[in-house]
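The values are calculated or read from the model by the stated rules, or taken from the named source; none is laboratory data. Given the structure is predicted, the values throughout are model-derived calculations rather than measurements. Because the Cβ atoms are built from the backbone with ideal geometry, glycine has one as well, and the counts that use them run over all protein chains shown. What goes into the accessible areas is simple: the full protein's heavy atoms, side chains included, and nothing from ligands, DNA or RNA. Shrake-Rupley method; radii C 1.70, N 1.55, O 1.52, S 1.80 Å.
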Amino acid sequence: MFFKKAFLLLTGISCCMASIAFDTSWKSPLAEKEKILEANIVERHSILGLYPSQVQVPLDGSPVDNTTSGISNIAHSVCWTANYLAGASYRYAFLKKSGAPEEEVTNAKLRADELFEAVYRCQLVTGVRGLQSRGYAIGHGESYEEREDADTRNDWHQGEGEYSNLRWRGDPSHHNYSDAIHGLCQYYDLAAEGPQKERAREAIDALASRWVDNDFMIQKLDPNRMPTPILGLTDGKTLNTRIMMAIAGAKYAHHATGKEKFLKTYQQLIQQYGVRGLKTFRAGKDFDDAEHVFCHLENLFRIEKDPELLAAYRVVLDELWKIHKDDGQSLFTYIYMSLTPDAPGREKALQEALFTLQTWPTDMTIKPVMSSLNPDLHPPYPVYAASWDNEYMWKGSLLNPNGWLSRTVMDVAVSAEDPMVIYAIDTSGDVYQSRDGAQTAAGWRVIDRHLPSKAVAIEAGHKVRFVFAACRDGFYGSSTGGAEWERLPIPDDGGEAIDIEIDPENPFVLYATTSKGIYRSADFGEEFIGKKWESLTSELPQADKSYFKIASAKPGRIYAILDGVGFTRRLDESDWTRTETVAQPYGEVYPWLIADPSNPDRAFGAIKAPEMVGAGDLTNLRETQDGGVSWNNDLKDQYERFRQGGFQAIAAQLVPFALTKPVISEENPQVIYSGNKVGILKSTDGGKTWKVFKQGLDIPWVKEVFVPRNTNWIFAGTPAGLYISKDNGENWESGNLVLQFEKNTRREIGGAAYIDAYWRARYYGLIDEETASAPYRD
């Protein structure tokens, strides 16, 4: 079975979710896992019963903020709550019919009632009968979308009367109405009793009436805004998934209320779209619509008694299954198999659906996923290796290999006074400080709130309170650990800031590199670091394209490339020398030059060699030991190698990888590190031979490597976040800086989809008690 093979492969590599690789609670029996997920939902994903599938989880372990001050996905919560309500209704129905203990049955009933009230409240909070909100948050003031100045900022409104303490999100879609009504119908049939039956009937009546009474349009709160067509774009005759949602909604409304207007609407749609006698139905690979229609068909097969219509619905059902039968999507499988007991491929499909539940994570934190790095995996991906937008695969799906990747850390600096104080910046230019040696996610805090511009490079000073940044609009320094920033008065030559570093022998002297030159600050003591500057490159000619590199190890040297011509000078001398450059007539020069931190006359550049058939990435690494006057691996050497052994002789001398801005070890100048799509590359012989290391990397694609001063740790920026090696690059551990969302925040998914599928399987007898109680074994 593909999924099982993929799972066994994924648990042996680091591309999969960390919870699969290290947290064994996912192996718990299905019944126990359901309780774990349910408890987490109640604790973190409940707003008076409303279920925001995705919430922001505080790094310090404090409660999730589901008020207007927090960040929870309110915009789709009525959909997810309605689906969750369906699962809770099947839970109650199963426990009741199976003779479960009375307390369990009672609690299941109360939970279903609570979820129903939350779905119904999404109507009541608007103050307009049948107008449904997308969801609501507790409290007053602006919501997360309003704070972000999103396009939907005007869709938020404050409730009135008994709902005045709720702020609700408007502008409902046809999907909001579709999910809500199928969840309400399942509750109505399976769990609603006594007064709740009547409340459910009224909720269904109001919801369907909103579009049935308004010419198939969902009218907005503001009558001047364009209403949403419940039927979508339609030619008026071709049945599609959206029409199926409306047909089902009208049927439920008549089923619950007996009102003639709903029966009339149902019959009208049946006739207009040729449902009777339906022979074919066309649908695409759409997890969103498939989830809606599968659930609607489940209700329709329970309610509808007309054999001709049931036959037509079977055509729709079979088409959807044909598209999704190999996805291992548990919910789809259990619905289909409950309706078609003799379906071909039944055993395989049920095995895959069960396997999905058995391997479902209990840690629902959203983690970076990059399945495309594993050539043995292909879509549809197992649920734990898929890119998730939410657990129902609404936008992100089992077909997408990569998602929720971390912004890459692009520079790291370590304090000279205390190596537990670490600074980092990411590709968005945000600046972070860790005070616990990157041991915890909560230990990283944002320190750029008063920095006027986004950072591109960072440097730590001689005391923990000193930090310096090259930014998009210039250079800044802080003597307060980033609490306040001051612009450094480097002359404005029109060049963009590239890098900033401290003189290795004098902590009161800074070097600033721009696209036009290099500057050095004067030493006037600690109080005046960076207050006065001199240009070190003003005597060079102007050029259209310039590149500069400072080798600050004493006596220090500057490398410059001006319109392809090389220049260099020692910092203790005044004269510039014209030099060779890394470039050659063939191949592309890499956009970097690295200098030996212990020897300013030694530097490396590289050329991406032209493609040779079947040779893959090849790099001509070139070294100078005389300050750029000469470089090894020149054309003469290449020609001689070719004369003696052809292309194979040349290839044997080249590095068999692409090199991403290598760095030279501070401790051993023969040790060089580089990033690559296969992991960390390390050479211990000055770049002649290389080994790949990736142990501990959740995603072994290293975009940046850092060997900052003041520590013997190695740092790597990857799509899974920042990683640290404490044994010279051979093993790696998380630096706990995973930047997927706003700044350094974490989000998690509740796991209601598991509950939704699991209880259907129990109700339909597709998972028995023995299977539900057994722990997963490989």
Here are the criteria: (1) polar (S, T, N, Q); (2) open to solvent by 10 Å² or more (accessible area, probe 1.4 Å); (3) assigned to a helix (DSSP H, G or I). Tell me which single one Thr362 does not satisfy.
(3)
Of the numbered conditions (1) at pLDDT below 95; (2) of a type outside the set (D, E, K, R); (3) crowded, with 18+ Cβ neighbours inside 10 Å, Tyr136 fails exactly one; give the number of that condition.
(1)
Show the residue pairs that are 6+ apart or on different chains and have beta-carbon atoms under 7 Å apart, the first residue being within the stretch 415-437 and without any contact (Cβ under 8 Å) to a residue 12 or more places away in the chain and within 18 Å of His450 (Cβ to Cβ), the second being open to solvent by 10 Å² or more (accessible area, probe 1.4 Å) and assigned to a loop (DSSP other than H, G, I, E, B).
none
Can you name every residue in the stretch 205-259 that is within 16 Å of His292 (Cβ to Cβ) and of a type in the set (Gly, Ala, Ser)?
Ala208, Gly232, Ala246, Ala248, Gly249, Ala250
Go through the stretch 735-763 residue by residue and tally those that are touching a Phe, Trp or Tyr at 6+ places or on another chain (Cβ under 6 Å) and either of a type in the set (S, T, N, Q) or without any contact (Cβ under 8 Å) to a residue 40 or more places away in the chain (or both).
2
Checking Val55 against (1) touching an Asp or Glu at 6+ places or on another chain (Cβ under 8 Å); (2) in contact (Cβ under 8 Å) with a residue 60 or more places away in the chain; (3) at negative phi; (4) surrounded by fewer than 22 Cβ atoms within 10 Å (Cβ to Cβ), only one condition comes out false. Which one?
(4)
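Only one of Asp342, Asp376 is farther than 19 Å from Ser734 by Cα, at pLDDT below 85 and surrounded by fewer than 18 Cβ atoms within 10 Å (Cβ to Cβ). Can you tell me which? Outline the logic, then answer.
Details: Asp342 fails: at pLDDT below 85.
From the options Asp342, Asp376, the qualifying one is Asp376.
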Filtering the stretch 282-302 down to residues that are without any contact (Cβ under 8 Å) to a residue 60 or more places away in the chain and surrounded by fewer than 21 Cβ atoms within 10 Å (Cβ to Cβ) yields Arg282, Ala283, Gly284, Asp286, Asp289, Phe301
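Looking at this structure, is Arg121 open to solvent by 10 Å² or more (accessible area, probe 1.4 Å), among the basic types (Lys, Arg), within 25 Å of Asp222 (Cα to Cα) and in contact (Cβ under 8 Å) with a residue 60 or more places away in the chain? Step through it out loud before you land on a result.
Values: open to solvent by 10 Å² or more (accessible area, probe 1.4 Å): yes; among the basic types (Lys, Arg): yes; within 25 Å of Asp222 (Cα to Cα): yes; in contact (Cβ under 8 Å) with a residue 60 or more places away in the chain: yes.
Spelling it out, Arg121 is indeed open to solvent by 10 Å² or more (accessible area, probe 1.4 Å), among the basic types (Lys, Arg), within 25 Å of Asp222 (Cα to Cα) and in contact (Cβ under 8 Å) with a residue 60 or more places away in the chain.
Would you please name the residue that is most open to solvent (accessible area, probe 1.4 Å), looking only at residues in the stretch 62-80 that are touching a residue at least 60 places away in the same chain (Cβ under 8 Å) and in a loop (DSSP other than H, G, I, E, B)? Spell out how you get there, then give the answer.
In the first step, residues of the stretch 62-80 are kept if they are touching a residue at least 60 places away in the same chain (Cβ under 8 Å); the result is 66-76, 78-80.
So of that shortlist, the ones also in a loop (DSSP other than H, G, I, E, B) come out as 66, 68-71, 73.
Details: Asn66: 20, Thr68: 8, Ser69: 83, Gly70: 7, Ile71: 28, Asn73: 37 Å².
Here the residue is Ser69.
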Of the numbered conditions (1) buried (at least 24 other Cβ atoms within 10 Å of the Cβ); (2) among the aliphatic types (A, V, I, L, M); (3) farther than 28 Å from His76 by Cα, Ala720 satisfies every one except a single condition; which is it?
(3)
Could you tell me whether any residue of the stretch 307-327 is modelled with pLDDT of 90 or more, of a type outside the set (A, V, I, L, M, F, W, C) and farther than 28 Å from Phe281 by Cβ?
no
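May I ask you to say which residue of Glu417, Glu505, Glu486 is out of contact with any helix residue (DSSP H, G or I) (no Cβ under 9 Å at 6 or more places or on another chain), open to solvent by 50 Å² or more (accessible area, probe 1.4 Å) and farther than 30 Å from Glu667 by Cβ? I'd like the intermediate steps shown before the answer.
On the way: Glu417 fails: farther than 30 Å from Glu667 by Cβ; Glu505 fails: farther than 30 Å from Glu667 by Cβ.
Answer to the check: Glu486.
Which members of the stretch 515-527 meet the condition of being over 25 Å from Phe604 (Cβ atoms), in contact with a Ser or Thr (Cβ under 9 Å, 6 or more places away or on another chain) and surrounded by 12 or more Cβ atoms within 10 Å (Cβ to Cβ)?
Just the residues of the stretch 515-527 that are over 25 Å from Phe604 (Cβ atoms), to begin with: 521-527.
Restricting the remaining residues to those that are in contact with a Ser or Thr (Cβ under 9 Å, 6 or more places away or on another chain) gives 526-527.
Glu526 - this is the single residue of the stretch 515-527 that is over 25 Å from Phe604 (Cβ atoms), in contact with a Ser or Thr (Cβ under 9 Å, 6 or more places away or on another chain) and surrounded by 12 or more Cβ atoms within 10 Å (Cβ to Cβ).
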If you go through Tyr559, Tyr511, the only one that is within 38 Å of the chain's Cα centre (by Cα), touching a residue at least 12 places away in the same chain (Cβ under 8 Å) and outside any loop (DSSP other than H, G, I, E, B) is Tyr511
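Which ones in the stretch 573-624 are part of a strand (DSSP E or B) and among the charged types (D, E, K, R)? Don't jump to the end; show me each part of the working.
Of the stretch 573-624, the ones part of a strand (DSSP E or B) are 577-579, 588-589, 594-596, 599-608, 619-624.
Once the filter is applied, which keeps residues that are part of a strand (DSSP E or B) and among the charged types (D, E, K, R), the stretch 573-624 yields Arg578, Glu588, Asp596, Asp601, Arg602, Lys608, Arg622, Glu623.
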Qualifying residues in the stretch 143-164 (those that are touching a residue at least 12 places away in the same chain (Cβ under 8 Å) and loosely packed, with under 13 Cβ neighbours inside 10 Å) - the one nearest to the chain's Cα centre (by Cα):
Glu160
Note: among Asn676, Asn744, just one is open to solvent by 10 Å² or more (accessible area, probe 1.4 Å) and more than 17 Å from the chain's Cα centre (by Cα), namely Asn676
